[in-house]
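A.B. asks: Attaching a single structure in structure tokens format; questions to follow.
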Amino acid sequence: MKNKKVWIGVGVIALIILIVFLLSGGKKEEKVSFETAKAEIQNIHTNITATGTIEPVTSVTVGTQVSGIVSKLYVDYNSVVKKGQVIAELDKTNLTSELNTAKANLASAQSTLNYEQANFNRYQTLYDKGLVSANDYENARLSYEKARQTVNSSRESVHKAQTNLGYATITSPIDGVVLSKSVEEGQTVAASFNTPELFTIAQDLTDMRVIADIDEADIGGVKEGQRVTFSVDAFPDDSFEGEVTQVRQQATTESNVVTYQVVISAPNKDLKLKPGLTANVTIFTMEKNQVLAVPSKALRFTVNEAFLSKGEQISDCEGDHKVWTKEGNTFKAHKVEVGTTNGMLTEITSGISQGTEVLVDFKISGGEQPDEQQTSNPFMPRPRGNNKNNQQQKK
């Protein structure tokens with residue numbers, strides 16, 4: 001009987017130990033380790049991205065002001081031309097005929113003028129002597145004036161015919177390279193309503209530009225003189241550089257998306273960039289080089305007494321911005337002044353020195369892992385109770 005009571009007592013004790021273990025949840029001791037980063041001299045920048053089209057800075061469309069048949073072409077695609085060089089000619093038969101007709105009309109008008117002038121001089125002499133009436137004198141003067149005006153008109157017709165004949169010889173308006181050719185020999189061009197396009201000539205392919213479409217949400221940060229890098233699919237391993245030269249005020253709306261055109265210089269000494277290529281543009285809207293900086297999340301990190309190990313303590317301070325360091329068993333806050341930030345890095349203007357190791361993150365090892373809703377900084381106060389238990393209790 002006595003042995004039976006002993007075994008019952010042992011069983012009760014074991015049961016109590018088991019209950020205590022289960023109630024404790026079998027928790028292991030939680031250990032917190034910290035991630036640190038050094039305050040270092042770094043470059044901070046922000047940028048926006050866009051796409052654009054490469055084109056020559058100066059390009060001229062060459063056309064003709066007269067109609068006719070293209071009789072001769074002297075250039076082709078990629079031809080290098082000089083200003084004033086003949087690049088095409090139209091058939092001049094009809095234009096030459098018009099000039100000859102205008103010259104004949106001028107000669108006839110001049111003959112008439114000579115006669116009317118001599119006749120007017122005679123009537124003027126007779127009128128001064130009182131031998132003809134004033135009416136006859138005025139008629140002679142009027143005929144003379146009409147003949148003089150006819151000569152002037154005929155002279156202008158000759159000038160116009162000569163000009164049109166000159167237009168039949170097409171010359172390059174600039175030094176450059178022929179990008180496109182829209183006609184062939186024997187083709188008829190008509191200049192009745194608009195000027196037919198014959199050629200497009202780019203002035204200098206070593207000096208290109210990119211016309212980029214910038215979204216309205218980003219255009220506020222774009223200014224002239226900002227540095228730009230861009231790439232093209234034709235040379236995926238190459239990076240090209242330029243700068244913003246113009247921010248155009250005219251907006252373009254397409255599918256309810258508002259964009260603004262930004263002009264970017266694109267030096268092209270090796271002639272890799274070709275007109276029409278699509279450029280993937282990065283505009284650096286803010287750049288600060290060689291400044292003391294820390295990861296931005298170091299400024300969001302804070303320490304709470306909830307998870308301090310034995311012997312560890314906190315040395316806090318006042319300030320809008322501060323970073324934490326661990327010096328021995330002490331978590332120490334440092335008041336800092338901040339400057340530029342790009343979200344990832346923040347400039348530190350005062351408060352800590354270069355090389356200072358600041359706390360930026362933590363890691364919990366061992367013990368029960370927190371719920372997904374509680375995976376934030378363990379040094380922040382936790383809500384009371386367990387969310388899952390609370391939900392079960394509410395049910």
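A.B. asks: Under 12 Å Cα-Cα from residue 103, which aspartates and glutamates qualify once same-chain neighbours fewer than 8 residues away are excluded?
C.D. replies: Candidates past the 8-residue exclusion: 156.
A.B. asks: Another question, then. Would you mind computing the Rg to Rh ratio of the range 157-234 from its alpha-carbon coordinates, Kirkwood style for Rh?
C.D. replies: Over the Cα atoms of the range 157-234, Rg/Rh equals 1.17.
A.B. asks: Provide the net charge surrounding residue 70, with neighbours chosen by a C-beta distance below 13 Å and charges set as Lys +1, Arg +1, Asp -1, Glu -1. Kindly include the intermediate steps, with their values, before the conclusion.
C.D. replies: Values: positive: 72, 92, 181; negative: 89, 91, 184, 185, 197.
In short, -2.
A.B. asks: Would you mind calculating the gained length between residue 138 and residue 224 on full extension (0.36 nm times residue separation, minus the Cα-Cα distance), in nm to one decimal?
C.D. replies: Once the chain is fully extended between residue 138 and residue 224, it gains 23.8 nm.
A.B. asks: Among the aspartates and glutamates, which fall within straight-line cross-link reach of residue 297, defined as a Cα-Cα distance under 16 Å, with same-chain neighbours fewer than 8 residues apart omitted?
C.D. replies: Counting by Cα, and skipping residues close in sequence, residue 297 has these aspartates and glutamates nearby: 35, 40, 320, 337, 347, 357, 361.
A.B. asks: While we're looking at this one, here's another question. Using alpha-carbon positions, what is the distance between the centroids of the range 112-172 and the range 274-339, in Å?
C.D. replies: So the two Cα centres are separated by 92 Å.
A.B. asks: Ok, one more. Within the set of other residues whose C-beta is less than 14 Å from the C-beta of residue 180, count the net charge using Lys and Arg as +1 and Asp and Glu as -1.
C.D. replies: After counting each charged neighbour, the total is -2.
A.B. asks: Can you give the log10 of the normalised intensity I(q)/I(0) at q = 0.16, 0.24, 0.30 Å⁻¹, computed with Debye over equal Cα scatterers of the range 240-288?
C.D. replies: Cα-only, vacuum Debye calculation for the range 240-288: -0.63, -1.09, -1.23.
A.B. asks: Over the range 85-144, what number does the Rg to Rh ratio reach, with both radii from the alpha-carbon atoms and Rh per Kirkwood?
C.D. replies: 1.43
A.B. asks: Same structure again: Which value, in Å², gives the accessible area per residue of the range 211-298 when a 1.4 Å probe is used on the protein heavy atoms?
C.D. replies: That works out to 56 Å² per residue.
A.B. asks: Restricting attention to the range 88-156, which trypsin sites (Lys or Arg not before Pro) occupy a DSSP loop and are surrounded by at most 12 other Cβ atoms within 10 Å?
C.D. replies: Here the trypsin sites (Lys or Arg not before Pro) that fit, given the DSSP loop and packing criteria, are 129.
A.B. asks: Go through 223/332; 92/181; 82/274; 72/274; 335/363 and tell me which ones have a Cα-Cα distance over 30 Å in this structure.
C.D. replies: 223/332
A.B. asks: While we're looking at this one, here's another question. Just to be sure I follow: if Rg is taken over the C-alpha atoms of the range 39-128 and Rh is the Kirkwood radius over the same atoms, what is Rg/Rh?
C.D. replies: That ratio is 1.50, to two decimals.
A.B. asks: Can I ask one more? Leaving out same-chain residues fewer than 8 places away, which aspartates and glutamates sit with a Cα under 14 Å from that of residue 310?
C.D. replies: Within reach: 29, 30.
The values are calculated or read from the model by the stated rules, or taken from the named source; none is laboratory data. This structure is a prediction, so every number in the text was calculated from the model and none was measured. Note that we place each Cβ from the backbone using ideal geometry, even for glycine, and neighbour counts take in every protein chain shown. The protein model used for the area step is the full one, side chains on, heavy atoms only, and it has no ligands, DNA or RNA in it. Shrake-Rupley method; radii C 1.70, N 1.55, O 1.52, S 1.80 Å.
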